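Please read the structure below before turning to the comments.
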Amino acid sequence: MKPYEFSTGTLPLLISIPHAGLALTPEVEAGLSEAAAGLCDTDWHIPQLYDFAREIGASVVSANYSRFVIDLNRPSDNQPLYTTATTGLFPETLFDGSPTFKPGMTPTDAQRQGYLHTIWTPYHDKIRQELQRIKQQFGYALLFDAHSIASAIPRLFEGRLPDLNLGTNSGESCSPAITESLRRCCGAQSRFSWVMNGRFKGGYITRAYGKPAENQHAVQLELAQCNYMDERPPFGWREDKARELQPLLKQLVGTLLEQGSRSGG
């Protein structure tokens, strides 16, 4: 299977979706624990939720493989991104702390190096290539890294997660004007709770490719899944909820595009 799906757009914007993949390698599929077999930590339905992005002309790259094979939003050297509990390049535990693999069934180091070469590297090569193409065409490039997570995971955060969790690597991955515009966009509505640079400040993708000094701006959005899907297996899509959330997502993407054009030049 290809490591990702990609569609080229006409706007200076790339949407990255690194955690929605469901494909497994044979050894990962055979080794998953009972708790992990349902792929519980997937960013379910994110390509469907962001269908509008393709329609308006954004480029979109979406991973095909599950994060249980390799996590595309972690650095290749597997250095931790957070000082609090987290998961690594090759997740050994689920978000709730239970084992990802049955005892003795973890993929070998050689197999995992293969995943790094055939899945992680091509995905990041495509991000770099597309951002370079966009910047050559427009003079600047925008990256929106799209994620979701269960609204309550005691091991990772206390209480219920805000509905929208925006991350700009504490302001380092995009211009201050973009950060402020996104704040205003969220603050102009009261339907959904939100936070900027809270528990989720942006993973490796946001931190690696957000280079405002080089006219390259990156933002991550981590959505609480209760706003567009069922959080229990089989993790079904909820059209009624998604229909309420998507207008705000469109506004956020539109705000990034509008302010990005001012910050990018």
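Odds and ends about this structure:
- Filtered by the rule that a residue be within 17 Å of the chain's Cα centre (by Cα) and of a type in the set (D, E, K, R), segment 211-234 gives a lone residue, Glu222.
- For segment 186-216, a residue qualifies if it is surrounded by 18 or more Cβ atoms within 10 Å (Cβ to Cβ), among the hydrophobic types (A, V, I, L, M, F, W, C) and either out of contact with any Gly (no Cβ under 6 Å at 6 or more places or on another chain) or in a strand (DSSP E or B) (or both), and the qualifying residues are Cys186, Trp194, Met196, Ile205, Ala208.
- Beta carbons closer than 6 Å, at least 6 apart along the sequence or on distinct chains, pair a first residue in segment 1-23 that is closer than 17 Å to Gln48 by Cα with a second that is of a type in the set (Asp, Glu) and at pLDDT 95 or above for Leu14/Glu130; Ser16/Asp145; His19/Asp43; Ala20/Asp43.
- Of the residues making up segment 242-253, those that are open to solvent by 30 Å² or more (accessible area, probe 1.4 Å) and either more than 13 Å from Gln48 (Cα to Cα) or under 19 Å from the mean Cα position of the chain (by Cα) (or both) are Glu244, Gln246, Pro247, Lys250, Gln251.
- Unique match (being under 26 Å from Arg232 (Cα atoms) and among the hydrophobic types (A, V, I, L, M, F, W, C)) among Ala110, Ala35: Ala35
- A residue that is in contact with a Ser or Thr (Cβ under 7 Å, 6 or more places away or on another chain) and not charged (D, E, K, R) occurs nowhere in segment 239-252.
- Subset of segment 148-178 that is assigned to a helix (DSSP H, G or I) and in contact (Cβ under 8 Å) with a residue 40 or more places away in the chain - its residue that is nearest to Arg74 (Cα to Cα): Ile178
- Selection status of Phe200, hydrophobic (A, V, I, L, M, F, W, C) and on the phi > 0 side of the Ramachandran plot: no
- Among the candidates Arg238, Arg262, Arg183, the residue that is surrounded by fewer than 19 Cβ atoms within 10 Å (Cβ to Cβ), at pLDDT below 95 and not acidic (Asp, Glu) is uniquely Arg262.
- Criterion applied to Gln225, Gln220 was being crowded, with 18+ Cβ neighbours inside 10 Å, farther than 19 Å from Ser181 by Cβ and polar (S, T, N, Q), and the one residue passing it is Gln225.
- Test: Gly31 is open to solvent by less than 20 Å² (accessible area, probe 1.4 Å), touching a residue at least 60 places away in the same chain (Cβ under 8 Å) and more than 21 Å from Leu248 (Cα to Cα): yes
The values are calculated or read from the model by the stated rules, or taken from the named source; none is laboratory data. The shown structure was predicted, so the numbers you read here are calculated from the model rather than taken from an experiment. As a convention, Cβ positions derive from the backbone with ideal geometry for all residues, glycine included, and neighbour counts pool all protein chains shown. In case anyone asks, the SASA skips ligands and DNA or RNA and just uses the protein heavy atoms, side chains included. Shrake-Rupley method; radii C 1.70, N 1.55, O 1.52, S 1.80 Å.
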